[in-house]
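Notes follow once the structure below has been shown.
Just so you know, all these numbers are worked out from the coordinates, no wet-lab data involved. This is a predicted model, so every value here is computed, not measured.
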Amino acid sequence: MSHIHFIGGEKGGVGKSLVARLLAQHLIDRGMPFLGFDTDKSHGALLRFYADFAAPAVLDGHDSLDPIIEHAIEAPQRRILVDLAAQTQQSLANWIDDADVLGLAEEHGLALTWWHVMDAGRDSVDLLRQWLDQFGGRIKLVLVLNEIRGDRFEILAASGERERAEALGASVMTLRHLPDATMQKIDRHSASFWAAVNHPDRSATGLGLLERQRVKVWLQRAYAEMERLPL
């Protein structure tokens, strides 16, 4: 069975591309083949950090995402990652409905998973509600609570949307905090997470020994969360 992972959340700045990078690195470290598709024309993180594994997929036409399904069917042993730019959910929904992608996925044994990346704000909760109204129960869902963008999810807890999602079969993972200065150094040097942990030369990543250790611990915790999920 081929697995297609859509990393979304609709809102800009919640950490979608960060989660896509983490998932890509996790698959690399586990020796699991994958192909990434990057839909962000201006800030394509998969193309920047994992260019050997990624291709562009700009949502500018009705058939822009067709290659995702075609590649999944051609090579079922390879995972597909789709890093969705902000405000692309409706384009994706139109593509799913117009081509009956869910019916095609069932016919060809494709597993579709939506990673809904959230910060601690009300907008993320409202967008989760909209996603559940549109896709709840139709596509496997992973809620990603991104503590790098805020670690107090009281609004989500009070809304009842997490319970609603879990009742529909959703999984929940927490992405723990990593100091902003550390992440900025990694990004400034266009370093992969592997390089951030393993490269001893500070000039290559901007990180000293203790910072590399913090990234290593952070990755281990993120991987432990991901190991609970069907990848």
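Calculate for the chain the 222 nm mean residue ellipticity that helices alone would give, adding -39,500 (n - 2.57) per DSSP H run of length 4 or more and normalising by residue count, nearest 500 deg cm²/dmol.
-13500 deg cm²/dmol
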Relative contact order of the range 2-176 (C-alpha contacts under 8 Å, at least 6 apart) in percent is 28 percent
The alpha-carbon center of the range 63-78 and that of the range 148-213 are separated, in whole Å, by 29 Å
Scaled by the rule-of-thumb 2.2 N^0.38 Å, the alpha carbon Rg for the chain gives a ratio of 0.99
Rounded to the nearest 10 degrees, the helix 16-29 long axis (Cα) sits at an angle to the longest Cα principal axis of the chain of 80 degrees
